[in-house]
Amino acid sequence: MTKQTLPRRALLASALLAALAPATAQEADSNMSQVVVLGSRTQAKTALDTAVPVGLISTKDIQSAGTLELGKVLQDLDPSFNFTSTFVSDGTDIIRPATLRGLGPDQLLVLINGKRRHQQALVNVQQTIGRGSAGTDINAIPLSAIQSIEVLRDGAAAQYGSDAIAGVINIILKKGVGNGIVSASAGTTDEGDGDTYSASASRGFALGSDGGYLNLSVEARKRDETNRAGLDTARVNPPRVTQRLGDSNAKDYYLWMNSALPMGGGELYAFGGASKRKGDSGGFFRPKEDGRNVPAVYPEGFLPNIVTTVQDASLAVGYRHDLSRDWSVDASVNHGRSQLQFHERNSINVSYWYENGESPREADTGTLKFEQTTFNLDFKGPVNLMGGELFVAAGVEWRRDNYEIEAGDPVSYQYGRTNNPAIIIRDQTGGIAASGIQGFPGYTPSTAVDQGRHNTSFYVDLERKFGPDVSVGAAVRHERYSDFGNTTIGKLNARWDPSRSLGVRGSVSTGFRAPGVQQKFYSSVSTNLNSAGVLTETLTAREDSAVTRAFGIAPLKEETSKSASIGVILRPTTTFSLTADVYRTKIDDRIVFSSTISPESGACATPAACPIRAILDPLRVGQAQFFTNAIDTSTTGLDLVAQQTIRGQGSTLVLSGQLGFNKTEVKARNSQSPVLTGAQLFDDAQVTLIERGQPRKHHVVSADYTAGAWNVTGRANYFGEVQGQGFTAPFVQTWEAKWIVDLTGRYTFNKSLSLSAGINNLFDTYPTKWDPVRAAPFPQLGFTYCWETCPFGMNGRTAYVKADYTF
């Protein structure tokens, strides 16, 4: 996207959206006129009155989306949000990366009822979107517990803390007494696979007689796998399907609560929940003649089976109380935990087998754990200053993060039962037998860790109106970390409304993101042959290890950012609105997962001629990769949102269009190493993944029509083209832009019962197929459509029915 193209497209898009507005004006009933609390700590505002862009997703929107995962719902409804599909990517198959405005998963802050949500234990180390990050497991939150969702599309680290570089998502849970609902749904794909069943119930119960409540939500769902793999013509004869490419088998269970109880003139509140999700996916096929296979056990080869169990739990307890002079205080403690356990089935340890003819076929391969405890004390209220009212919010936050890796069973990582590389064990080809269980090798005792850190932050948030038309806000935040120091950041925003039909808003801010404890302490190791045929370790090295020190890679430091945005709000009638916001976010010292660093090939006359080999060989490391502050990026974009409400006699039609444009560029590749250049540390394949792995254009256009007992919603998502070269370098594979159309119909029989039916991906649209020649050998192995980036998946058309009963 050139500098000239973006404004031209913006003008065309604005004209298209403005064309939605008819000449008549009637009272609107839309998300844009509903109240949001995100982005400002003063009294709640409508989405059209905020000083920064905030989107609102209502219960009705969630019901009309037709999908059962929160990540997919957000992607279908908000063009700034991306939730790419993954497969053959280990734990990323069940905890998929969620991003905002084309940035990283860990640059998005998620709140529940305005309180920080903990991150996931999984580090995305495969070649997927968000490689090297540990974001928030968005699918750990059930749809049945959610009342609404607010999406702040603006840098907000100064207001809400580290991770809010791209923006903030605030998930508001159901509250109040009564409002019970039981739902059940079933769906399948056109291919007859991927059968999905779901059941949920939620209800509010009274606590005491003074307005207290306890809202409980329970949900369960089962999803069968989908498989879009083609014939494997390269490894088996006759050709057959050997891979599992698509959604994995999954079983998910949730129990969530939200409660409040009047007490002592204030309110005691508590919310949180627990979930357990089990995924079953495939690894990479091992052909029968491959050294990683044992023909006596698997005469036709085998496909390793990775079973992942994700357990997530959180609980926030707090007390809020009104003080004198319109001030209030809120004190809370919030604890969250994410755990991911790996188990490998349908596999084998080749070195075990060829040592004495025996090997287990399955093993636990390790567990990842992340825990976070957050304490907040917040005050807010007005202060009279120079004849006007200044609204002040101030507070302190203390947070403790801890990360743990538990080693797997010995068979999952050992080379023979003695784990002694000096003992030669040969496989069926005569080569050195592979160590560990095939598919996902286990974490070793040397990579096991139990480490943490804490930080303290102080913030002040100010907002003041100057007359009826102008409001100005400012925020400053200071954070001090126990492991790398402190930082201070700030934000300014302003809003001017010269008339009821026109508003102008803008913001500038600095921000930061502290390196996650997952990035600081994660490591893994597997054993492979080096170029000399000697068993050596391939290491994902944590910071300040022998490997990173040898390469001169400094310990991780925080990312820093500068953001700016300016927007216009048009309300020419009470039924039509249009907002346009242009933004830019620059991030320096961005933390990434390096490319795989391999020793030089060929003969080396002197150690100086092969400096990488000279470092790795004495450490018995064949290849290395690590986290490092390696790149500077710039993201520029435009968000356009238009909505029109048309009322007739007994009917309402709501037309909306949301157009999202963004472009991320890697401005610099920085290397602290005297041995590695920036291009070696972060190669072209990783640059392509950052710059083109997510759509630069994502648009959502919808029409929602209600007449009597009927409601029909049609929605179209446009996903711009994406590219990747992680598996085909130097060839860059392009997956073309596509439209995905969804249609949902709902009939309400009476006050209690309604029935819905819908079709997602109405026109059975699939991603572009791999280039059969330049992307070889992947098409020949059965890879059909996409892999490292897959914005809308490859399941094709799906149909579903759903029943809702309220009581």
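Each value in this text was obtained by applying a stated rule to the coordinates, not by laboratory testing. Everything quoted here is computed from the prediction, not taken from an experiment. Using ideal geometry, Cβ is built from the backbone for each residue, glycine included, and neighbour counts are taken over all protein chains shown.
Quick notes
- Inter-label distance, nm, simple model (7 Å from Cα along the C-beta direction), Ala603/Lys667: 4.7 nm
- Region 275-327 shape via C-alpha gyration tensor axes, a/c threshold 1.5: prolate
- Its DSSP H runs of at least 4 residues, each contributing -39,500 (n - 2.57), put the calculated 222 nm mean residue ellipticity of the chain at -2000 deg cm²/dmol, to the nearest 500.
- Set of lysines with alpha-carbon distance to Lys222 below 26 Å, sequence-local pairs under 8 removed: Lys60, Lys72, Lys174, Lys251, Lys276, Lys278, Lys369, Lys802
- Kirkwood radius, region 171-316, all distinct C-alpha pairs, inverse of mean reciprocal distance: 19.0 Å.
- Reducing region 612-656 and region 316-338 to their Cα centroids gives an inter-centroid distance of 32 Å.
- log₁₀ of I(q)/I(0) at q = 0.05 Å⁻¹ - the chain, Debye sum with one point per alpha carbon: -0.27
- Exposure proxy ranking, count of Cβ atoms within 10 Å, fewest first, for Phe626, Phe375, Phe763: Phe763, Phe375, Phe626
- Where Rh is the Kirkwood radius over Cα pairs, Rg/Rh for region 475-621: 1.25
- The GluC sites (Glu not before Pro) of region 218-327 that DSSP puts in a loop, and whose beta carbon has at most 14 other beta carbons within 10 Å, are Glu289, Glu300.
- Part-to-part distance (alpha-carbon centres) for region 232-250 and region 80-148, which is given in Å: 28 Å
- Pairs spanning more than 18 Å between alpha-carbon atoms, out of Lys115/Lys380; Lys586/Lys663; Lys45/Lys586; Lys45/Lys380; Lys491/Lys667: Lys45/Lys586; Lys491/Lys667.
- Dimensions in Å of region 329-483 - Rg and Dmax from alpha carbons: 27.7, 88
- Within the chain, the whole DSSP H helices whose Cα atoms reach 15 Å or more along their own axis and whose mean Kyte-Doolittle score is at least -0.5 are 5-18.
- 14 Å reach of a label modelled at Tyr253, 7 Å along Cα-to-Cβ, counting backbone N of region 217-235: 218-222
- Taken one residue at a time, the phi angles of region 473-486 give Karplus couplings (6.51, -1.76, 1.60, θ = phi - 60°) of x, 8, 9, 9, 9, 10, 10, 10, 10, 6, 10, 9, x, 9 Hz. Gly and Pro are set to x.
- Note that region 163-170 has calculated 3J(HN,Hα) couplings of 5, 8, 5, 7, x, 9, 10, 10 Hz, one per residue in order, obtained from phi through the Karplus relation 6.51 cos²θ - 1.76 cosθ + 1.60 (θ = phi - 60°); glycine and proline are x.
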